[in-house]
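The values are calculated or read from the model by the stated rules, or taken from the named source; none is laboratory data. Everything quoted here is computed from the prediction, not taken from an experiment. No Cβ is skipped: glycine too gets one built from the backbone with ideal geometry, and neighbour counts run over all protein chains shown. Side chains are part of the model used for accessible areas, which takes the heavy atoms of the whole protein and leaves out ligands, DNA and RNA. Shrake-Rupley method; radii C 1.70, N 1.55, O 1.52, S 1.80 Å.
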Amino acid sequence: MAKTTFRFNKPIISTSDSFIATDELLSRLAALHEELSTTVQGEVELSSLDAYRLALVSKKLLRHKDLGVRSFVACCLSDVLRLYAPDAPYTEPQLTDIFKLILAQFEKLGDPENGYYIQQTYLITRLLEYRSIVLLTDLPSSGRLLEELFQIFYDDTKVFGQKLFKVIGGILGEVISEFDSVPLPVLKMIFNKFLTYNPGKVPEGLGVVSNCGYEVSIILCDSYSSRMSRHLTKYYSEILYQITGENAVSAYDSKPSAFRTVEKLHKLVIRLWENVPDLVSAVIGFIYHELLSDNETLRKQATKLIGSLLSVNSSINFVTTHSDTFKAWLSKIADVSVEVRQQWVESVPEVLSVRDDVSQEISKGLTKTLIDSEYKIRKSSVLVLSDVSVQRIWMSITNATFFSCLLQLTREKNREVRELCILTVAQFYTESLEKIARTNQNADVWEVVDTTPRVLFELYYINDQHINEQVDHAIFKYLLPFELDNEKRVKKILNMLSNFDKKAFASFFAFNKRQLQISLALSKYVEFCDELNAKKDSEDDTDTANRFRKTVDWLASGLADKQKGTAALEVLKLLNDKRVFYLIKTCIANDVPYSSLVNSMKELIIKIQDPALFRKNNVRNVSNIIPKEIAHELEVLLYRSSPFIYNVSNISVFLDVGSHYSSDEITLKRKLLDNIAEVNPSLFKEQIKTLKDTVEKHDVIDSNKDVLSVDETLKTLYKISKVMKDHLELDDTILHINLKKLALKGNPLEAKYATKLIALLPSAQQKLKEVKSCLLPLNLQKDNNISSHIIVLAEIMKYAPEILAEDSTDIVGYLIKEVLLKNQVVGDSKNQPKWLENFVLNDIRYSALSSKLFTLKLFTNKLRSIAFEIPNDELSRAFTEKTMKLFSYLIASGGELISEQNKEYFPTPANYQTKLRCCTGLQVLKLARVPILGDFINPTDIVKLINLVEDESLPVRKEFLDQLKHYISYELISIKFLPLIFFTAYEPDAVLKSSTKTWINYTFTKPSFKKNTFFERALPRLIHAVAHHPDIVEGLASKDDTYLNSLTTAIDYLLFYFDSVATQENFSLLYYLAERVKNYKDAVSNEQDFEDNDDQETQSTTVANGDELETACLRMYIIGELAQMILLSLKERQGWQHSTYPGKLNLPADLFMPFSSVQEAQASFRTHLPDKFAGKLRLNIKAKVGRVLTASQTQRQKAQKRLLANEYHENEKKKRRVVKEPKESSAIANGDDQSYISPSRAEGKRGALPIVKKNLRVRKEIDYKDADDDIDSSEEGQVAYDENNKNDDGGIE
């Protein structure tokens, strides 16, 4: 095909001979451009273009002053380049000038209003279409031209049309594609646009024009990703090397600019991941190595970067695409740097909020960070729950261990973490109840989360006022927020209590009991304020002022900041605002409806927070506290003193036990009603008629499940009657008839409380006689309600013993013969429970057992009724002795009263025996409360009680110890029972052992116990009890290893005691008492204590070299020497001072007696511990002492107290305790430490030696000759030790 010849033939350059005007030139160039643009490449004879090819690069045209000329020249040149392609028809200098012209035209594209915008658009389009632009890359100045090219389109002052963005991106992309190495400034322009412009942050509605540079960067990275990946790698590496190279690495951490540069690099990666995620693969290797870098700041920033990448919704899954980097990120939870670990945790909320595929890995990581050694990490881990919605948390974290670890942090040693965690878990629990459904998939997590209220209430046991205050806020802001709907409010209370254990219930009940105490104190405070303000202009009322000061001190002592609490109460007095005092009294009123309580409290807090109130009342001179702080302190006091839970508005809902409530909820309601009736029965004032109607309609009550059972109703009425007898209208004849009917025909619990109520009637004597006449004579064979009738007689014996005076002998004799010494149920049955709870005694199936237990109770009540007659009545004394012997036998025999020879009635079922010996032990403690009866409990009886402390049954041990601790705490029984507590040294149940140790540590520090040195004075009794312990007796009667094992057992008992009791202050007294044992003989004879030990030859082996000392004395001396060895080891380890005790104390006369001769006294002074065992025992003691001082619960509690003290009072100096020399009281001087104190005076590495411990006592065959004894059984109620002053080990770790 023949080529055409170019037709345009007009000159385009002016000469001296032929001048071309600008308009004419524009016309000619336009025509030339028109023909060139339509000329097809390869179809024109290029030689015909030579003249114009050369003319177009003339300086006159390239640098013409007219923009239009330059624009058309540029367009013509672009077509010339196209037609001559692939070879450029110009020299390098010419091409350079051409591209300068082209760039200048590109620059004009930023001004769409210029007159040649169409030509400029044509130019850029043609250059891209035929890739003529790439000729720029072959020029010597290509680098500079490339920078200028990019500067044009990345200039934010120019506005390029959006339609050109793709063309511009194509032009730039084609150019850089031809560069093996793009200049760093160009790369900075490309990538910095991701940092300087983010369309997602542009405000909506402002009509902002799209940014050309940003859009072009997106096009370059997306359309030319392969080439851009290489350029990004170079860019990232060069920037990173500049700040982390050999010359810069040492100064990196100290250069803020370097830190900011890394931040920008990482921000760039994030923006690239958001827009062109494929490109990130180019630098992921650098990020991976940053995560593993030795530089802490780099690791921290890289950790933050990965967290951000994971939280971005991208088309590429980072976890699967870059799995190695993700795993390296996960490993940062164990990084050596605290900052890195913290950064990891802080990245988690964003990740959890947007993705589900990494929840398992993050859940495991958070579980580890919750137990991190650094408190900042633990705190950040807790904050995750606040930063992520509850729904996302439940969706993402399905590991129950995480929530278990979280709850443990409520006992965290660091205050910030602890306080944050307490409020966080409370809020999380509340929101979970409202928003999260229970499913099979989340059952494990719910099982842990449901324990949150229990964990919070158990924090009160730590007995730290700051923690108590935090828990108060958590309870009333989250667990039980203000709710005016009675049904919903009670539902929240029931939900809260649904997972409580016994310990948590004890705390909850103490919490509500404390409410009554504090409300009383606060009402007295208001009363004293009124009195003092009324008399401020008259003479001083010193007595009222003193009582006011004591009340303020008592109220403030329970607050976290006692000084602010005192100041707040003082200011409120000065304020003297009648409305404020009225609102306080309304809030703490016992019968205030819940709605009134809430409204009054809200008004009160708002009012107190207003500074204008104080200005109005001229209270200005208060510099140490502000209104907001006053409101805070008052709010805490109101939380504790106002009846939010035990509110009169809740009672009717509590009493509703209809079918719309679950059985668990009804059980909780009954538990609450029982406690309310005990601590605040006046709340039932409006419900008395309902309760009485229940009693009067008891015949049909069994078929109606919507009301309380009869026995619960009777119990509640009885408790109400003790404080509101006048409101009960006990002269109601119908009520009398029904009470009598229930006493005669009801189940044991109904009969018991019906009798109690009858005893409160105005005609109690007459009614009880009528009941008695219907019951007697007892007939086990004919009486279907024998157990109920026995408990009725026991109650009559308690309230009106004179009614049974003539019949008591027959009753006692019949019960022993027909009830105690005969079994209606013989032997064990298949699948019988090992332990029977008290509620089963109401079941007719266990009538035989309940008859025996109620018989014991009857005997107890009889002994208490005749106690005052004992000093002057031999029959009463003999009856008491026989009954005590019966009790002692029941305990020693394990609860079996029937002889093996009695084939008809032997044996008693094992679970009956367990219940009987437990009940008997409780009766002994109950009798010990009466001083006269306590004298009949001799040392051998107390040693037998050790069997219950070490019983094979956990419920037996627990019930007995709980009652024992309660009686000792309130000083209701003699301290001769105190040594029993320390035989829990081998307690296998960790919870029981821990709670017992906590009780010991708390009770030891009670003022009355410290003042009277009760625990210290118990040491001789403990030594004596250990010496008579059956294991020790048997072991010391043996040889070699058995002998040595018994001594190590004794060491453990003693060390358990010294761990809690021994201090620098009482060391001298304890050592003196341990040494003093050898100045006495054992007052308890061998024959009395060990009747079944007939092997005198075996016993004699324990007496060395013909020693004439009695075996019991020798054992006692050896145990005393062990106590001294332990004390000396503690002294050495603790660095205590040992000075001679200045006083002289006699030991208890019931255990120790003086020597009968000088020779006996001299013989006792030598060392009785065999020399061959002394060395081994010292090593054993040293090892155990070391272990105790570093790991025992007591030491942890002491460390916890020190930690809390330092935490809140860092600048407060520790005061050294000063020990006063104990005065020699008459009781001690007379050898009698069994004195009773009126309740009104009561203030509120292992050792090398093996340890052998028997689990069961060998039951002794005691010859029971007196069959006409009396027995007793204590009430089942168990009260935890002073719940208002609890302390606990758990926790502050």
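Residue check: residue 836 meets all listed conditions (1) in a helix (DSSP H, G or I); (2) open to solvent by less than 30 Å² (accessible area, probe 1.4 Å); (3) out of contact with any Leu (no Cβ under 6 Å at 6 or more places or on another chain) but one, namely (1).
Taking residues in region 648-662 that are in a helix (DSSP H, G or I), and partners anywhere that are modelled with pLDDT of 85 or more and of a type in the set (D, E, K, R), the pairs with Cβ atoms closer than 6 Å and at least 6 places apart or on different chains are 648/591; 654/669. Scanning region 81-104 for residues that are open to solvent by less than 60 Å² (accessible area, probe 1.4 Å) and of a type in the set (S, T, N, Q) yields a count of 2. Looking only at residues in region 105-119 that are open to solvent by 40 Å² or more (accessible area, probe 1.4 Å) and of a type outside the set (Ser, Thr, Tyr), the one that is farthest from the chain's Cα centre (by Cα) is 115. State all residues of region 14-30 that are modelled with pLDDT of 85 or more and in a loop (DSSP other than H, G, I, E, B); if no residue qualifies, say none. Residues satisfying the conditions are 20, 21.
The set of residues in region 446-466 being open to solvent by 10 Å² or more (accessible area, probe 1.4 Å), under 27 Å from residue 398 (Cβ atoms) and assigned to a helix (DSSP H, G or I) consists of 447, 448, 454, 455, 458. Name the single residue that is farthest from residue 874 (Cα to Cα) among those in region 950-974 being surrounded by fewer than 22 Cβ atoms within 10 Å (Cβ to Cβ) and of a type in the set (A, V, I, L, M, F, W, C). For region 950-974, the residue satisfying everything is 954. Against the criterion of being in contact with a Phe, Trp or Tyr (Cβ under 7 Å, 6 or more places away or on another chain), surrounded by 22 or more Cβ atoms within 10 Å (Cβ to Cβ) and not in a loop (DSSP other than H, G, I, E, B), residue 471 qualifies.
Count of region 1000-1046 residues, restricted to those that are more than 28 Å from residue 974 (Cα to Cα), out of contact with any Ser or Thr (no Cβ under 6 Å at 6 or more places or on another chain) and not β-branched (Val, Ile, Thr), is 9. In the set (1) more than 16 Å from residue 1121 (Cα to Cα); (2) aromatic (Phe, Trp, Tyr); (3) assigned to a helix (DSSP H, G or I), residue 1155 fails one condition alone, (3).
Could you check region 1146-1191 and list, in sequence order, the residues that are within 23 Å of residue 1050 (Cα to Cα), at pLDDT below 90 and acidic (Asp, Glu)? 1171, the sole residue that qualifies. Just one of (1) out of contact with any Cys (no Cβ under 9 Å at 6 or more places or on another chain); (2) crowded, with 22+ Cβ neighbours inside 10 Å; (3) of a type outside the set (S, T, N, Q) fails for residue 190. It is (1). The listed residues are 1133, 1115, 1178, and the only one of them that is open to solvent by 70 Å² or more (accessible area, probe 1.4 Å), outside any loop (DSSP other than H, G, I, E, B) and out of contact with any Lys or Arg (no Cβ under 9 Å at 6 or more places or on another chain) turns out to be 1178.
The single condition from (1) in a helix (DSSP H, G or I); (2) hydrophobic (A, V, I, L, M, F, W, C); (3) modelled with pLDDT of 90 or more that residue 644 fails is (1). The number of residues in region 592-618 that are of a type outside the set (S, T, N, Q), within 25 Å of residue 524 (Cβ to Cβ) and at pLDDT 90 or above comes to 12. Here is the figure for region 267-295: residues that are among the acidic types (Asp, Glu), open to solvent by 20 Å² or more (accessible area, probe 1.4 Å) and assigned to a helix (DSSP H, G or I) total 2. Just one of (1) within 25 Å of residue 766 (Cα to Cα); (2) open to solvent by 70 Å² or more (accessible area, probe 1.4 Å); (3) under 44 Å from the mean Cα position of the chain (by Cα) fails for residue 809. It is (3). Restricting region 619-629 to residues that are among the hydrophobic types (A, V, I, L, M, F, W, C) and closer than 8 Å to residue 567 by Cβ leaves a set whose member that is modelled with the lowest pLDDT is 622. Within region 37-49, one or more residues are of a type in the set (Asp, Glu), out of contact with any helix residue (DSSP H, G or I) (no Cβ under 8 Å at 6 or more places or on another chain) and open to solvent by 30 Å² or more (accessible area, probe 1.4 Å).
In this structure, residue 734 does not satisfy being of a type outside the set (Gly, Ala, Ser) and closer than 22 Å to residue 806 by Cα. Among the helices (runs of 4 or more DSSP H) confined to region 318-409, the ones with at least 3 residues that are within 30 Å of residue 280 (Cβ to Cβ) are located at 318-321, 323-330, 338-354, 359-369, 375-387, 390-396. Filtering region 339-375 to residues that are among the aliphatic types (A, V, I, L, M) and buried (at least 16 other Cβ atoms within 10 Å of the Cβ) leaves 340, 345, 348, 351, 352, 358, 362, 366, 370. Close contacts from region 999-1015, counting a first residue that is in a helix (DSSP H, G or I) and a second that is open to solvent by 20 Å² or more (accessible area, probe 1.4 Å) and among the aromatic types (Phe, Trp, Tyr), with Cβ to Cβ under 6 Å and a gap of 6+ residues or different chains, come to 999/1281.
For every residue, the table says whether it meets (1) at pLDDT below 95; (2) of a type in the set (A, V, I, L, M, F, W, C); (3) assigned to a loop (DSSP other than H, G, I, E, B); (4) more than 29 Å from the chain's Cα centre (by Cα).
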position	(1), (2), (3), (4)
922	no, yes, no, yes
940	yes, no, no, yes
956	no, yes, no, yes
991	yes, yes, no, no
